[in-house]
Amino acid sequence: MTTELYPDFFNDVFGPVMQPGSSSHTAGPCRLGFLANSLLGEQPRKVQVVLDVEGSFAGTFGVMGEDKAMLAGAMGILPDDVRIFDACGIAQQAGIDYNFEFAEIRESTHPNAVKFVLTGESGKVSKLVGDSTGGGMVRTKSLNEYPLEVKGDTYVVLIFDPERVVSRAQLEWLRADLPALVDAGAVQVGEKEKLHFFKVVDPPDTDLIRAIMPQIQVEVLKPVLPVISRPERKPQLFATMTRWREIATEQRLALWEVAIQYEMNASGWTREEVIAYMRRLERKMFRQTHAVYEEDVVVPKSPFKLDRTADWATYMDSPARLTDPMTANTVKWAYGAGAGVPGVETVAGPMGSGGGYIHAALWAVKEARGFSDDDLIRGLFIAAGIGALAFTRTSPTGECIGCTGECGICGAMAAAGIVEMAGGTPEQVENAASLSLQSAVGLPCDPIPGGFGQPCRSRVIAATCMASVFADLALSGHDAVLPLHEVIDVADAVGRQLPPELRCTSRGGACATPTARKQASAYQAWFEQTQAEERPPVNLI
């Protein structure tokens, strides 16, 4: 009865919509904490978070707001809620004890593994081990020590049956009564203990289930993704750019129309609903890039986080500027995308703030060339399709394949979207994405704690500004030689060969230099001497 799972435009690619932070280090662990809260079924009075001592979270802890995000999620707060930044204060006011521990996590080998142990007001305990797999996506590895994978794309009814007293008739009643059943089954620990699960589209009647099974522990995990998986979900429309282009030719459709059909198949939404959601996302991306320049907001600063937007806005209007106006505006909007203003939602894609960076590149071209709003939406659908291909063939996150999976994929998405806006052919769209990604293969992910966003800032600005250059190359007839899916495969193979020190652990690459180590020491001292509420929401991105 399992439903086919594959990347969705609004779950995996342009998502999550979140408060400023990292998609994999802020949104992902926050969502896992939220699932742990659902598993507990009541407000916690104690939250223990275990981070793998060899993992990515241990290397960057606090730099990307991991502590606030994990605690917020454990209290039932999702990544788009501005309260995430005051999680420590909320916990203290509520009398919730919390602590973070660095130890080995045996249930998972993923670099972004985390373990939550929550104790409720009644004394009930929930345990959840899960992975933040990139782009805000998550998967559980175990629930109360039962091995079960949940991705937050449905409601999940959990029937804990350690003594094997639940009858077949009760289970059959559940199967028949639960609305829109997506999947069902059971997992076992040892010879006896069993957990029955039912994944459903709509909220189940928990009170009724508990009335039918009064002596059994029944919990419901709530979804954390905007697009719910449905039993009628159609197969993935394309998994390579080659097939995407073939469908466009066979059906005599524009490439962006095929992309819309892809999302209709994935979500079960109508064409109108898919387009309307993309338009809403575009408005969020617009605000993400423009708010700091056009609204009365304040960019949070610290000794290790500056306001680059103000510096650039002043410089770009001076006669000293060397770059052309379109490139200058690309930088302007890119700085806006990463300003990190609490209350101004960001759209990830695939990295935290990534949707804003992609929008920055497309918006600057739109302004310079006078393209329409519809042109922009078409470009975003093309970018989403490129992102879906990346999520199909790799894990586009720094912890798995280095910065290629973040800045590199964002650049490819933006380049392809610009070609679509400019009226390029499907072949030119693919060439732009391939050319852009080829330039980024092998990039490490080595964020310097206390390094003012370096070297990440250089890479994302380069990817954003070069998107229009690679678009021009493709439009001029430059053949990328390699089809996009092969470049993604190369990026995956090369990235996975990078040692752990070069995959977002802040131990190698630029982080190993004497200057970076000095910055990291200064940052660590400042971090230990300040309270959570004194620190900007994100000190790195």
Query raised in the report: Among the numbered criteria (1) open to solvent by less than 10 Å² (accessible area, probe 1.4 Å); (2) under 20 Å from Ile401 (Cβ atoms); (3) not hydroxyl-bearing (Ser, Thr, Tyr), which single criterion is violated by Ala69?
Result: (2)
Report summary line: Looking across region 146-196 at residues that are modelled with pLDDT under 95 and among the acidic types (Asp, Glu), the single one that is nearest to the chain's Cα centre (by Cα) is Asp183
Query raised in the report: Does Ile418 satisfy the condition of being buried (at least 24 other Cβ atoms within 10 Å of the Cβ) and either more than 14 Å from Asp489 (Cα to Cα) or more than 15 Å from the chain's Cα centre (by Cα) (or both)?
Result: yes
Report task. Pull up region 402-422, narrow it to residues that are in contact with a Ser or Thr (Cβ under 6 Å, 6 or more places away or on another chain) and touching a residue at least 60 places away in the same chain (Cβ under 8 Å), then point me to the one that is nearest to Arg243 (Cα to Cα). Result -> Ala412
Report task. Working only within region 133-147, note down all residues that are open to solvent by 10 Å² or more (accessible area, probe 1.4 Å) and either part of a loop (DSSP other than H, G, I, E, B) or at positive phi (or both). Result -> Asn144, Glu145, Pro147
Report summary line: Among strands (runs of 3 or more DSSP E) entirely within region 151-257, at least 1 residues that are open to solvent by less than 50 Å² (accessible area, probe 1.4 Å) and aromatic (Phe, Trp, Tyr) occur in 155-161, 193-200
Report task. Check region 314-327 and report whether any residue there is buried (at least 19 other Cβ atoms within 10 Å of the Cβ) and touching a residue at least 12 places away in the same chain (Cβ under 8 Å). Result -> yes
Query raised in the report: When you scan region 39-58, how many residues do you find that are crowded, with 24+ Cβ neighbours inside 10 Å and small (Gly, Ala, Ser)?
Result: 2
Query raised in the report: Hey, does region 343-353 have a residue that's assigned to a helix (DSSP H, G or I), closer than 26 Å to Tyr6 by Cα and of a type outside the set (Lys, Arg)?
Result: no
Requested in this report: Provide a single number: the residues in region 295-307 that are open to solvent by 80 Å² or more (accessible area, probe 1.4 Å) and either part of a helix (DSSP H, G or I) or of a type in the set (Val, Ile, Thr) (or both).
Outcome: 1
Query raised in the report: Of the residues that make up region 88-101, is at least one surrounded by fewer than 20 Cβ atoms within 10 Å (Cβ to Cβ), among the charged types (D, E, K, R) and outside any strand (DSSP E or B)?
Result: no
Query raised in the report: Considering region 497-527 alone, what residues qualify as being outside any loop (DSSP other than H, G, I, E, B), buried (at least 16 other Cβ atoms within 10 Å of the Cβ) and of a type in the set (Lys, Arg)?
Result: Arg503
Query raised in the report: If you go through region 464-489, how many residues are open to solvent by less than 30 Å² (accessible area, probe 1.4 Å), under 26 Å from the mean Cα position of the chain (by Cα) and closer than 22 Å to Thr240 by Cα?
Result: 6
Requested in this report: Determine if region 13-25 includes at least one residue that is under 25 Å from Ser521 (Cβ atoms), in a strand (DSSP E or B), small (Gly, Ala, Ser) and in contact (Cβ under 8 Å) with a residue 40 or more places away in the chain.
Outcome: no
Query raised in the report: From the set of residues in region 107-132 that are within 24 Å of the chain's Cα centre (by Cα) and among the charged types (D, E, K, R), which is least open to solvent (accessible area, probe 1.4 Å)?
Result: Asp131
Query - Residue count for region 490-525, restricted to those that are more than 22 Å from the chain's Cα centre (by Cα) and at positive phi - result: 1
**Report entry** Matching entry among Ala291, Ala310, Ala334 (being part of a helix (DSSP H, G or I), at pLDDT below 95 and among the aliphatic types (A, V, I, L, M))
**Finding:** Ala310
**Report entry** Residue list for region 153-165, restricted to those being of a type outside the set (D, E, K, R) and in contact with a strand residue (DSSP E or B) (Cβ under 6 Å, 6 or more places away or on another chain)
**Finding:** Thr154, Tyr155, Val156, Val157, Leu158, Ile159, Phe160, Pro162
**Report entry** Selection within region 58-86 - aromatic (Phe, Trp, Tyr) and part of a loop (DSSP other than H, G, I, E, B)
**Finding:** Phe61
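Looking at the structure I just gave you, is Val344 within 22 Å of the chain's Cα centre (by Cα) and farther than 28 Å from Val419 by Cβ? Even if it seems obvious, please write down each step before you answer.
On the way: within 22 Å of the chain's Cα centre (by Cα): yes; farther than 28 Å from Val419 by Cβ: yes.
Taking the combined requirement at face value, the residue satisfies it.
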Query raised in the report: List the pairs whose first member sits in region 121-144 and is within 17 Å of Gly352 (Cα to Cα), whose second member is part of a strand (DSSP E or B) and open to solvent by 10 Å² or more (accessible area, probe 1.4 Å), and whose Cβ atoms are under 8 Å apart, counting only residues at least 6 apart or on separate chains?
Result: Asp131/Arg139; Asp131/Lys141; Thr133/Arg139
Report task. Look through Gly453, Gly402 and report the one residue that is outside any loop (DSSP other than H, G, I, E, B), under 21 Å from Met64 (Cβ atoms) and open to solvent by less than 10 Å² (accessible area, probe 1.4 Å). Result -> Gly402
Report task. Please state which one of Ile96, Ile90 is in contact with a Lys or Arg (Cβ under 7 Å, 6 or more places away or on another chain), of a type in the set (A, V, I, L, M) and without any contact (Cβ under 8 Å) to a residue 40 or more places away in the chain. Result -> Ile90
Query raised in the report: Condition test on Cys30, is it out of contact with any Phe, Trp or Tyr (no Cβ under 9 Å at 6 or more places or on another chain) and either part of a helix (DSSP H, G or I) or open to solvent by less than 10 Å² (accessible area, probe 1.4 Å) (or both)?
Result: yes
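The values are calculated or read from the model by the stated rules, or taken from the named source; none is laboratory data. From a predicted model like this one, the values you see are computed outputs, not experimental measurements. Cβ: placed from backbone, ideal geometry, glycine included. Neighbour counts: every protein chain shown. Areas reflect the complete protein model, heavy atoms only, side chains present, ligands, DNA and RNA absent. Shrake-Rupley method; radii C 1.70, N 1.55, O 1.52, S 1.80 Å.
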